[in-house]
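Peer 1: My questions all concern the structure below.
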Amino acid sequence: MNRMPIIIDNDTAQDDCVTILLGLTDPLADVRAITTVAGNVSFDRQVINAQMTLSVAGRLGEVPLHLGCRQPMLREWVSAEDVHGDGSGGLDIELDESAISDEHAVDALIRITAEQPGEVSIIAIGPLTNIATAIVKDRRFVKNVKSLYIMGGSNNGRGNITAAAEFNFYVDPHAAQIVMAAGFADVHIVTWDPLTLRDATYSREQYDRLTRIQTPIAQFFKRVCDATLGFNESVGIDGSTHPDSITLAALLHPELVLDSSQYRVDIEIQSELTMGYSAMAWEKFGVKPNAHVIEEMDGPGFYSILEQMLEIETTPTRPILGLNG
Ligand code: BDR
Ligand code: CA
């Protein structure tokens with residue numbers, strides 16, 4: 001089996017954790033590095049969340065963990081702690097400094113993709129600050145990346161942090177626009193609205209079935225997703241949302257992608273009212289496309305993939321404080 005070399009660039013909390021777990025357990029994925037970027041929760045908390053996730057999969061110290069940009073390019077960092085809490089349901093782990101690479105995430109992204117030009121794909125499921133900085137630092141990066149899978153924006157639909165904007169694009173809209181204008185050969189976007197809300201949101205009943213599984217991965221999954229599920233229900237979203245992990249699934253299992261169209265995607269960076277809005281223009285407007293926007297995915301198919309992942313038995317590398325007790 002040919003495994004796909006990937007880097008997961010993320011703001012580790014809730015579904016970012018699920019994405020890392022999927023990458024580490026799916027036989028089709030070869031995770032070359034986990035890179036972190038300012039986003040969901042405090043940067044240092046994200047590092048702990050990433051170490052816990054690696055540990056649950058039994059891979060802490062084995063898969064390189066690189067810390068990236070601690071703040072967006074121009075704007076102040078905005079957190080999603082109201083949505084995710086600490087992003088790991090109150091679990092904790094003693095930080096293992098030796099399991100953090102000395103190399104900055106931006107340098108790791110540039111180096112790993114340059115070592116095998118055109119072979120390594122990136123799953124970017126946080127604000128795009130690291131990716132944009134890599135572009136600015138070394139223009140060859142753009143050509144070296146095989147495919148770039150982004151979770152961000154809405155397809156001319158609702159936002160989730162403002163009426164107009166989805167969180168990842170809102171937190172660093174300038175980075176998002178640099179990435180969209182850079183000329184990557186193969187970009188795929190999973191949106192919040194409609195894709196996530198329709199195809200990657202699982203009802204409380206479906207969630208309860210998933211979280212009855214008793215493996216360490218399943219127990220961890222429940223803890224990291226519980227807070228977000230509670231928040232979702234309080235704002236009228238009926239279930240647990242999995243925008244990041246379905247983005248990785250779109251790469252690993254393209255048969256789950258039922259419909260995808262080419263668009264010219266640009267990000268609003270001038271208006272405070274609509275900052276971070278993703279304008280997605282289709283062929284009618286005579287613009288040159290820069291991304292495949294995924295229109296529809298097989299939600300039940302992805303649910304089965306999550307179920308299989310949660311059934312995998314692992315031995316955590318180090319104890320997760322609060323799990324099982
Ligand atoms: C995105 O924002 C974050 O809170 C999630 O991890 C996801 O990447 C959804 O808007
Ligand atoms: Ca994320």
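Peer 1: Can you sort 55, 79, 98 by solvent-accessible area, 1.4 Å probe, largest first?
Peer 2: My answer, sorted largest first, is 98, 79, 55.
Peer 1: Next question. Helix by helix through the chain, keep the DSSP H runs that span 24 Å or more along the axis on Cα and average at least -1.0 on Kyte-Doolittle, and give those back in order.
Peer 2: 216-234
Peer 1: How much net charge surrounds residue 300 when only other residues with a Cβ under 15 Å from its Cβ are counted (Lys, Arg +1; Asp, Glu -1)?
Peer 2: So the environment of residue 300 carries a net charge of -4.
Peer 1: Same structure again: State to the nearest 20 debye the size of the charge dipole of the stretch 1-71 about its Cα centre, where the only charges are +1 on K and R beta carbons and -1 on D and E beta carbons.
Peer 2: I would put it at about 140 debye.
Peer 1: Residue 31's amide H: which non-local residues (gap 5+, or another chain) put their own amide H closer than 5 Å, with H modeled 1.01 Å from N in plane and none for Pro or chain starts?
Peer 2: For residue 31, whose amide H was placed from the backbone, the distant partners under 5 Å are 6.
Peer 1: Considering the options 227, 183, 213, tell which one lies farthest towards the positive end of the dipole of the stretch 178-240, charges being +1 on Lys and Arg and -1 on Asp and Glu at the Cβ, about the Cα centre.
Peer 2: So the residue furthest toward the plus end is 213.
Peer 1: Would you mind counting up the charge near residue 120? Only other residues with Cβ under 14 Å from its Cβ, with Lys and Arg at +1 and Asp and Glu at -1.
Peer 2: Result for the local shell: +1.
Peer 1: Right, next: Quick query: amide H of residue 160 versus all other amide H atoms, modeled in the peptide plane; which residues come in under 5 Å with a sequence gap of 5 or more or a different chain?
Peer 2: 165, 166, 167
Peer 1: Skip the ligands, DNA and RNA, and give the accessible area per residue of the stretch 132-262 with a 1.4 Å probe, whole Å².
Peer 2: Heavy-atom SASA per residue in the stretch 132-262 reads 37 Å².
Peer 1: Work through the residues other than residue 4 whose Cβ is under 11 Å from its Cβ and net out their charges, Lys, Arg +1 and Asp, Glu -1.
Peer 2: 0
Peer 1: Evaluate E = 1/(1 + (r/R0)^6) for residue 163 and residue 209, where r is the Cβ-Cβ distance and R0 equals 30 Å; express this FRET efficiency to the nearest 0.05.
Peer 2: Here the calculated transfer efficiency is 0.35.
Peer 1: Just to make sure I understand: if all protein chains stay in place, what is the order of 102, 30, 172 by accessible area at 1.4 Å, largest first?
Peer 2: 102, 30, 172
Peer 1: Can you tell me how much longer the chain between residue 233 and residue 324 gets when fully stretched, taken as 0.36 nm per residue apart minus their C-alpha distance, in nm with one decimal?
Peer 2: Full extension of this stretch gives 30.2 nm more.
Peer 1: Looking only at the stretch 119-163, which residues have a backbone nitrogen under 15 Å from a spot 7 Å from the Cα of residue 82 in the C-beta direction?
Peer 2: Hits in the stretch 119-163 for residue 82 at 15 Å: 159-163.
Peer 1: Applying the Karplus parametrisation 6.51 cos²θ - 1.76 cosθ + 1.60 with θ = phi - 60° to the phi angles of the stretch 273-288, what ³J(HN,Hα) value in whole Hz is obtained for each residue in order, glycine and proline being reported as x?
Peer 2: Here the 3J(HN,Hα) series is 4, 10, 3, x, 4, 9, 7, 10, 9, 9, 4, 3, 8, x, 9, 7 Hz.
Peer 1: Please give the peptides 200-208, 86-94 ranked by average Cβ packing (other Cβ atoms within 10 Å per residue), highest first, as a rough proxy for protection.
Peer 2: 86-94, 200-208
Peer 1: Let me ask you something else. For the stretch 136-253, treating each Cα as an identical point scatterer without solvent, what Debye log10 I(q)/I(0) comes out at q = 0.13 1/Å?
Peer 2: Results for the stretch 136-253 at q = 0.13 Å⁻¹ read -0.62.
Peer 1: Return the long-range amide H neighbours of residue 297 (sequence gap of 5 or more, or a different chain), with a cut-off of under 5 Å between placed amide H atoms.
Peer 2: For residue 297, whose amide H was placed from the backbone, the distant partners under 5 Å are 258.
Peer 1: Another one. Just how large is the dipole of the stretch 286-325 about the Cα centre, in debye to the nearest 20, putting +1 at every Lys and Arg Cβ and -1 at every Asp and Glu Cβ?
Peer 2: Here the stretch 286-325 has a charge dipole of around 320 debye.
Peer 1: Go through 215, 317 and list them by solvent-accessible area, largest first, probe radius 1.4 Å.
Peer 2: Largest to smallest exposure gives the sequence 317, 215.
Peer 1: Let me ask something additional. Under the Kirkwood approximation for Rh and a Cα-based Rg, what ratio Rg/Rh is obtained for the stretch 1-75?
Peer 2: 0.98
Peer 1: Further, regarding this structure: Let me know the Rg and Dmax you get for the stretch 30-131 when you use only its Cα atoms, in Å.
Peer 2: Rg then Dmax for the stretch 30-131, in Å: 13.8, 40.
Peer 1: Once Rh is set to the Kirkwood radius over Cα pairs, what Stokes-Einstein translational diffusion coefficient, in µm²/s, holds for the chain at a temperature of 10 °C and a viscosity of 1.306 mPa s?
Peer 2: 82 µm²/s
Peer 1: While we're looking at this one, here's another question. Largest first and in whole Å, give the semi-axes of the stretch 192-279's equivalent ellipsoid, each being the square root of 5 times a Cα gyration tensor eigenvalue.
Peer 2: 28, 18, 11
Peer 1: If each DSSP helix of 4+ residues adds -39,500 (n - 2.57) and the sum is divided by the residues in the chain, what number results at 222 nm, nearest 500 deg cm²/dmol?
Peer 2: One gets -10500 deg cm²/dmol as the mean residue ellipticity at 222 nm.
The values are calculated or read from the model by the stated rules, or taken from the named source; none is laboratory data. Since we're looking at a predicted model, the values are computed, not measured. Reconstructed Cβ throughout: ideal geometry from the backbone, glycine too, with neighbour counts over all protein chains shown. Areas reflect the complete protein model, heavy atoms only, side chains present, ligands, DNA and RNA absent. Shrake-Rupley method; radii C 1.70, N 1.55, O 1.52, S 1.80 Å.
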